[in-house]
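**Q** Here it is: the structure, laid out below.
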Amino acid sequence: MSEPEDGLRKVARVVLLDPQDRVLLLHGHEPDDASNDWWFTPGGGLEGDETREQAALRELAEETGVTDVELGPVLWERVCSFPFDGRRWDQDEWYFLARTRHSVASEAESMINESGLTDLERRSVAGARWWTYQELAEAHETVYPTRLAELLNRLFDEGPPSRPLVLDTEIV
């Protein structure tokens, strides 16, 4: 994959909500250090000439097997930079709202679609979990994007923004 002119990898992420307004997060870690872990929304980089919408749906299907979603608007945009697997990743991320009919909490662990994961993802994704706003607000785990609980609370109170909110640049 060639580097974009601005050096930022274009990424589409999905804020997947179930009928109870729980958000699905994947549990990731450094491939060689499971103790260095965090939670994050499904998604990944664009491939070829696909749109961000296409990438969001493809990544969601590849990572979770979920295909029966209603893809909504872009909620948030952010630029981030972080170390992972021995290199630095510089990304321009768009977060799409999506809804699914999946609602059983125990389904989340089995929702990881091993066959759709890349080798790196198989070595670094440990599972998935549906989180309530309250659980996120009280969590001590690392969650990306930072302030996800606050962002979800605003989404639930005000609905989707008329245009995407630009989140602070995050450098880890």
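**Q** Taking 0.36 nm per residue of sequence separation and subtracting the Cα-Cα distance, how much length would be gained by fully extending the chain between Asp49 and Ala126, in nm to one decimal?
**A** Taking 0.36 nm per residue and subtracting the Cα distance, the gain is 24.7 nm.
**Q** Grab the Cα-Cα distance for Arg99 and Asp32, subtract it from 0.36 nm times how many residues apart they are, and report the gain in nm with one decimal.
**A** The span from Arg99 to Asp32 would gain 20.8 nm if fully extended.
**Q** Using the beta-carbon distance between Ala139 and Arg163 and R0 = 35 Å, what value does 1/(1 + (r/R0)^6) give for FRET efficiency, to the nearest 0.05?
**A** 0.75
Any read-out appearing in this document is the output of simple, stated calculations on the displayed coordinates, not a laboratory observation. Keep in mind it's a predicted model, so treat the numbers as computed, not measured. Glycine gets a Cβ as well: all are built from the backbone with ideal geometry, and neighbour counts include every protein chain shown.
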